[in-house]
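Asker: Following this message is one structure expressed as structure tokens.
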Amino acid sequence: MSWNLQNKTAIVTGGTKGIGWSIVNQFLLLGAKVIVIARNQANLNHQINAWQAEGYAVQGIVADITDYQSYNAILSAIADQKIDILVNNVGGNLPKKFVDYTQQDIQSIFNLNLISNIRFTQCLFAKLSAASGAVVVNISSIAGLEDVGTGSLYAVCKAAIIQLTKSLAVEWAPYQIRVNAVAPWFTSTERINTMLHDKSLQDFVQSNTPLRRIASPDQIAHAVAFLAMDASNYITGDTIVVDGGFSAERK
Ligand SMILES: NC(=O)c1ccc[n+]([C@@H]2O[C@H](COP(=O)([O-])OP(=O)(O)OC[C@H]3O[C@@H](n4cnc5c(N)ncnc54)[C@H](OP(=O)(O)O)[C@@H]3O)[C@@H](O)[C@H]2O)c1
């Protein structure tokens with residue numbers, strides 16, 4: 001059973017920064033061809049050029065994954081390619097007190113973290129079912145499993161992603177499409193590193209993490225890569241927590 005991603009083609013949403021960038025990088029190192037989706041054209045071009053200069057097979061598509069009108073253009077850009085792996089990585093938080101969320105906040109959080117994941121996965125069904133043993137990996141969060149005080153609506157969406165992962169794994173098993181999720185805890189992306197300048201937050205995270213260190217994006221990407229490989233081809237409907245023991249200590 002192969003412990004690599006050779007001859008696989010993957011789509012990674014939000015692959016130019018943070019955890020998504022590490023997932024793309026890991027997939028390339030393991031031999032996959034990767035199609036990267038992000039909104040900022042200049043940054044996407046910069047990253048794609050850097051990977052291509054190292055000899056990797058990588059393609060960029062500029063799109064906002066919450067804009068469902070853009071899906072036809074994405075499908076056209078990949079029309080002649082098989083797709084073996086979809087990583088739904090785009091997501092983001094807007095922490096507020098529950099009563100302060102406006103209608104616009106609610107729509108935007110649900111669109112970004114849940115509905116775009118649903119719509120984009122639906123959109124790729126024909127491609128995934130045509131591949132032999134395709135894989136979907138959804139990026140959830142520890143916030144979807146435990147109350148971590150970072151905003152209730154993001155938590156609701158990330159919990160829904162975990163249930164969606166289970167339900168879809170069963171529904172798509174007849175097509176041999178596996179569906180799994182990864183749930184990270186605080187991970188040292190650029191965005192989170194800015195937040196962690198707040199010493200009290202840094203102390204909170206470290207003191208509540210049995211391994212007493214904050215995850216690197218690569219540590220999340222390693223779990224995603226495992227789930228994407230044929231080496232994990234009897235695992236479906238599962239969520240791997242990558243949290244340095246945080247949730248184990250809370251149980
Ligand atoms: N970092 C953490 O501590 C942590 C913990 C638990 C879970 N997570 C989850 O992990 C995932 C990645 O988080 P991250 O912290 O690595 O994010 P990040 O550093 O903010 O990076 C987000 C990536 O997604 C792209 N993106 C954002 N909105 C997009 C949209 N609407 N359409 C297309 N691309 C979009 C961004 O590029 P453009 O701006 O160019 O579009 C960028 O490449 C999210 O689902 C997040 O909820 C993160």
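The values are calculated or read from the model by the stated rules, or taken from the named source; none is laboratory data. Since we're looking at a predicted model, the values are computed, not measured. With ideal geometry, Cβ positions are generated from the backbone for all residues, glycine too; neighbour counts draw on all protein chains shown.
Asker: Considering each of T13, T66 in turn, give the residue that is in contact (Cβ under 8 Å) with a residue 12 or more places away in the chain, within 9 Å of the ligand (Cβ to nearest atom) and under 21 Å from H222 (Cβ atoms).
Answerer: T13
Asker: Could you go through the range 137-148 and let me know if any residue there is surrounded by fewer than 19 Cβ atoms within 10 Å (Cβ to Cβ) and either within 15 Å of the ligand (Cβ to nearest atom) or in a strand (DSSP E or B) (or both).
Answerer: So far as the range 137-148 goes, yes, one or more of its residues are surrounded by fewer than 19 Cβ atoms within 10 Å (Cβ to Cβ) and either within 15 Å of the ligand (Cβ to nearest atom) or in a strand (DSSP E or B) (or both).
Asker: Same structure again: Against the definition (within 16 Å of the ligand (Cβ to nearest atom) and either modelled with pLDDT of 95 or more or not aromatic (F, W, Y) (or both)), how does S152 come out, yes or no?
Answerer: Spelling it out, S152 is indeed within 16 Å of the ligand (Cβ to nearest atom) and either modelled with pLDDT of 95 or more or not aromatic (F, W, Y) (or both).
Asker: Can you pull out every residue in the range 197-215 that is without any contact (Cβ under 8 Å) to a residue 40 or more places away in the chain and outside any helix (DSSP H, G or I)?
Answerer: Correct list: H197, D198, T209, P210, L211, R212, R213, I214, A215.
Asker: Then there's this: Out of curiosity, is S108 surrounded by fewer than 13 Cβ atoms within 10 Å (Cβ to Cβ), farther than 21 Å from S167 by Cβ and either modelled with pLDDT under 95 or under 20 Å from the mean Cα position of the chain (by Cα) (or both)?
Answerer: Criteria not met by S108.
Asker: Which of (1) in a loop (DSSP other than H, G, I, E, B); (2) touching an Asp or Glu at 6+ places or on another chain (Cβ under 7 Å); (3) not charged (D, E, K, R) is the odd one out, the single condition S70 does not satisfy?
Answerer: (1) is the only condition that S70 fails.
Asker: Then there is this: As an exercise: evaluate N7 against (1) part of a loop (DSSP other than H, G, I, E, B); (2) in contact with a helix residue (DSSP H, G or I) (Cβ under 8 Å, 6 or more places away or on another chain) and give the number of the one condition it does not meet.
Answerer: Unmet condition: (2).
Asker: Which numbered condition trips up I35, out of (1) within 12 Å of the ligand (Cβ to nearest atom); (2) of a type in the set (A, V, I, L, M, F, W, C); (3) touching a strand residue (DSSP E or B) at 6+ places or on another chain (Cβ under 8 Å)?
Answerer: (1)
Asker: So in the range 168-196, with the set limited to residues that are part of a loop (DSSP other than H, G, I, E, B) and aromatic (F, W, Y), which one is surrounded by the fewest Cβ atoms within 10 Å (Cβ to Cβ)?
Answerer: Residue satisfying both the conditions and the ranking: W172.
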